[in-house]
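Here is the structure we will look at.
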C-alpha cells in the first residue's frame, strides 16, 4: 500500500537496492536534485523508472525549479530562469506585465518539466523577507511586501497548473523572517503573532486553495516556543489549518535538514504527530530513507483524499503553448528590468 512519504535517489539512475526498497516501501512520490540530472533522455528514463518501481504511473515526481540559485535543471539542456525577485522588479514598474510574465515563466518551466516526466514543482516561494533576515530566501522571494508576493505567487502557481504541473506553496507559514538558514540550524522567530498574521502568513492565506504546501522548519516563539512548524501540532492546527485555512496536502520540508533534532525516525514521528500528511526526505541516502519509512504510515483517510485531490488538478491536457514565442516574450520583458 502507498505510504506517506517522498524520497530522493542517489544518482542519475536507480541502483538495484533503491529499486527494491521503493518496490517494498511504496512511497507516494519522489524528488529530484542536481545529482539526478544529466540529459533530457536520462531524466525521462529516471522518472519512468521511479514510477515503475512502485507500479503507479501517476506517482508524483517533484523538483525545486524556482530559477536563480535554486534550479536543478539548467543549461545546456534547459534554459536558465531568473530568481523570483526579477518578476517583482517588473511588477513594481508595471503590475499587469509583472503578473503576466510571472505566469508565462512558470508555464515555460512546466513545459520543461513535463517533457521529462516531472509533475510537481516546489514553487511558488511565498516567504516575505524582512530587513536583516538570513539570505537563504533573499531574491527567491517575489518582493518584500505580502501583496506583491501573493499576486506573483498566484501567477506562478497558475502557470504551472496550466502546464500540467502541480505547484507547492512554501514554506508555510513563512520563512522570510528567519535570521538563520534552516538547512544548517533551527531559526527562531520572536515576532508577535498578530504581526505574523498580517505579514508573514498573509500570502499563504491568499493561496490557500493550492493543492500542495511545504512546511517551514522555523519556531514561532509566540505560538509554539518548543517546536518548529514542521513538528508543531499547535502551528498546524491553529495557523496552517486554522487562520490560514489551508486544507490541501501538507508535506514536511526535508527531514534531513539540521534545523530538526533527533534521529530521522524521531523526526518522522514528530512530523506526522504534528499533522503533516506526507514526510519529505531528500538526500538519497538509503539507510536514512529506511529509517523514515519505518515510521511512515500508510497514506489513508484525509491525507489520501488530499493526495488524490492534488493529482486530480493535473489530469488534463496542458494549456496550448508556443515555446519559442513564449520564451522570446519572456526574454524581452525581463531584459527591460535587468
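Entry remark, segment 189-238: residues being more than 26 Å from residue 62 (Cβ to Cβ) and part of a helix (DSSP H, G or I) number 8 in total. Within segment 268-285, can you find the residues that are in contact (Cβ under 8 Å) with a residue 60 or more places away in the chain, surrounded by fewer than 24 Cβ atoms within 10 Å (Cβ to Cβ) and either touching a helix residue (DSSP H, G or I) at 6+ places or on another chain (Cβ under 6 Å) or more than 15 Å from residue 8 (Cβ to Cβ) (or both)? Answer for segment 268-285, where residues must be in contact (Cβ under 8 Å) with a residue 60 or more places away in the chain, surrounded by fewer than 24 Cβ atoms within 10 Å (Cβ to Cβ) and either touching a helix residue (DSSP H, G or I) at 6+ places or on another chain (Cβ under 6 Å) or more than 15 Å from residue 8 (Cβ to Cβ) (or both): just 272. Out of the residues in segment 310-338 that are in contact with a helix residue (DSSP H, G or I) (Cβ under 8 Å, 6 or more places away or on another chain), modelled with pLDDT of 95 or more and in a loop (DSSP other than H, G, I, E, B), which is farthest from residue 80 (Cα to Cα)? Among those residues, the one meeting the criterion is 313. Scanning segment 116-135 for residues that are assigned to a loop (DSSP other than H, G, I, E, B) and either at pLDDT 95 or above or surrounded by 20 or more Cβ atoms within 10 Å (Cβ to Cβ) (or both) turns up 116, 117, 118, 119, 122, 123, 124, 126, 127, 128, 129, 133.
Restricting attention to segment 286-310, the residues that are surrounded by 15 or more Cβ atoms within 10 Å (Cβ to Cβ) and either within 21 Å of residue 122 (Cβ to Cβ) or under 21 Å from the mean Cα position of the chain (by Cα) (or both) add up to 11. Among the residues of segment 153-188, the one identified as surrounded by fewer than 21 Cβ atoms within 10 Å (Cβ to Cβ) and assigned to a strand (DSSP E or B) is 188. A single entry from 83, 57, 48, 102 fulfils the requirement of being surrounded by fewer than 20 Cβ atoms within 10 Å (Cβ to Cβ) and either farther than 30 Å from residue 21 by Cβ or over 22 Å from the mean Cα position of the chain (by Cα) (or both): 83. None of 139, 144 is touching a residue at least 12 places away in the same chain (Cβ under 8 Å), surrounded by fewer than 21 Cβ atoms within 10 Å (Cβ to Cβ), out of contact with any strand residue (DSSP E or B) (no Cβ under 7 Å at 6 or more places or on another chain) and not in a loop (DSSP other than H, G, I, E, B) except 139.
The values are calculated or read from the model by the stated rules, or taken from the named source; none is laboratory data. Since this is a predicted model, take the numbers as computed values, not measurements. Cβ atoms come from the backbone with ideal geometry, glycine included; neighbour counts cover every protein chain shown.
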